[in-house]
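Student: Just dropping this structure here.
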Amino acid sequence: MNNKFNIDFVARKKLFFIISIAAIAVSILSSFIFGANLDIQFKGGTILTYIYDGAIDQSQFEADATAALEGIGVTSTVGEDFSSGRNNIQLSLISNSGLTSDKQIALSDAISEKYAANNIELLESSDVSPSSGREFFLKCIVAVLLSFIVLIVYIALRFKNIGGWLAGVCAVTALLHDCIIVYGTFIICHMSINANFMAVVLTILGYSINNTIVIYDRIRENEILFRKKKTKTEIVNMSINQSLTRSVNTSITTIVAMLAVTIVAAVYGVTSIISFSLPMMIGMIAGAYSSVCFTCPLWLTLEDKIGKKPKAKKAKA
């Protein structure tokens, strides 16, 4: 196969490692600086649905609802509210316990007085228990950890001639790299950690490991063909360059689609879609980067240090 590219990825590995470490550090530090904003399904609370006449500015409604809550002595956090119809608006009140009926009436009275011209009134209220959200979150974490173990075992068995288990550990390290960057995107963009977060993480894991497996497969084939003609560094660079077009085209297709969805969602103010499409786009970029620039140079570095060493020749008697 003729290479369309001839980029020396291994020679630039220090730069790639610095970029990855910096991205991970920013993502982790942002969690301490801004704090993680857990969604109502993980923290619990109350969802109130109002109907109204005319038009209401959602950001102003959120601010007025926050002021009304403070007025009745409630320390609940106002979460994302969104329009689910022309005259229908929801308000998420995140708290460790639900809002009592007395507090709901007091809040509704305050809002009705503020928006008297819109004839706003409470249509429905429901308490959300955090237990179901936590259970879902824990199941997703367990699924991710199990998938990491399975991937290490699978790669160890399939790619024995290129390090096996070490290649699997490097692939999983790259997946953790992608997950942390997706998490940092949610934190920096002040998005709630909700079901969208888990959906993005699980999707990115699939895309990223697929790219990595393709490159590993190319390294394995080239290792057999050029073992006596090329160094391991040359084989890794050649394999990445041979897979580069496929990796870039696959990623760009999804990134462009997510960009279009993000722009449309931003124009129409659909924040629930933006909290999926924007992190997905960043995660796809991180996944493509880690597969091409991070995983294989890391594997080669570790292979040189702790990989199989040639056995010492026995001295002749």
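The values are calculated or read from the model by the stated rules, or taken from the named source; none is laboratory data. Note that the structure is predicted; figures quoted are calculated from it, not measured. No Cβ is skipped: glycine too gets one built from the backbone with ideal geometry, and neighbour counts run over all protein chains shown. Only protein heavy atoms, including side chains, enter the accessible area calculation; ligands, DNA and RNA are left aside. Shrake-Rupley method; radii C 1.70, N 1.55, O 1.52, S 1.80 Å.
Student: What number of residues within the stretch 1-22 satisfy the criterion of being surrounded by 17 or more Cβ atoms within 10 Å (Cβ to Cβ) and of a type outside the set (Val, Ile, Thr)?
Tutor: Qualifying residue count, the stretch 1-22: 4.
Student: I need the full set of residues from the stretch 209-244 which are in contact (Cβ under 8 Å) with a residue 40 or more places away in the chain and of a type in the set (Lys, Arg), in order please.
Tutor: Passing the criteria: Arg220, Lys232.
Student: Report, by residue number, each residue of the stretch 30-48 that is part of a helix (DSSP H, G or I), surrounded by 14 or more Cβ atoms within 10 Å (Cβ to Cβ) and β-branched (Val, Ile, Thr).
Tutor: Listed by number, the list holds a single entry, Ile40.
Student: So is Val182 part of a helix (DSSP H, G or I) and closer than 22 Å to Ile219 by Cα or not?
Tutor: No.
Student: Here is a follow-up. With over 19 Å from Leu278 (Cα atoms), modelled with pLDDT of 80 or more and of a type outside the set (Phe, Trp, Tyr) as the only criterion, which of Val128, Val200, Val142 stands out?
Tutor: Exactly one of Val128, Val200, Val142 is over 19 Å from Leu278 (Cα atoms), modelled with pLDDT of 80 or more and of a type outside the set (Phe, Trp, Tyr), namely Val142.
Student: May I pose another question? Does the stretch 197-236 hold any residues that are open to solvent by less than 50 Å² (accessible area, probe 1.4 Å) and polar (S, T, N, Q), and which are they?
Tutor: Thr203, Ser208, Asn211, Thr212, Asn222
Student: What are the pairs with Cβ atoms under 7 angstrom where one residue, in the stretch 12-26, is within 17 Å of Val236 (Cα to Cα) and the other, located anywhere, is among the polar types (S, T, N, Q)? Sequence gap at least six, or different chains.
Tutor: That search, which allows pairs on different chains as well, returns Lys13/Thr301.
Student: Let me ask another. Quick check, is Ser27 at pLDDT 80 or above, crowded, with 16+ Cβ neighbours inside 10 Å and within 25 Å of Ile188 (Cα to Cα)?
Tutor: Here the answer is yes, as Ser27 does meet what is asked.
Student: Could you please let me know if Ser239 is over 24 Å from the mean Cα position of the chain (by Cα), more than 16 Å from Gly287 (Cα to Cα) and not β-branched (Val, Ile, Thr)?
Tutor: yes
Student: Same structure, new question: Within the stretch 151-165, can you find the residues that are surrounded by 21 or more Cβ atoms within 10 Å (Cβ to Cβ) and in a helix (DSSP H, G or I)?
Tutor: Result: Ile155, Ile162.
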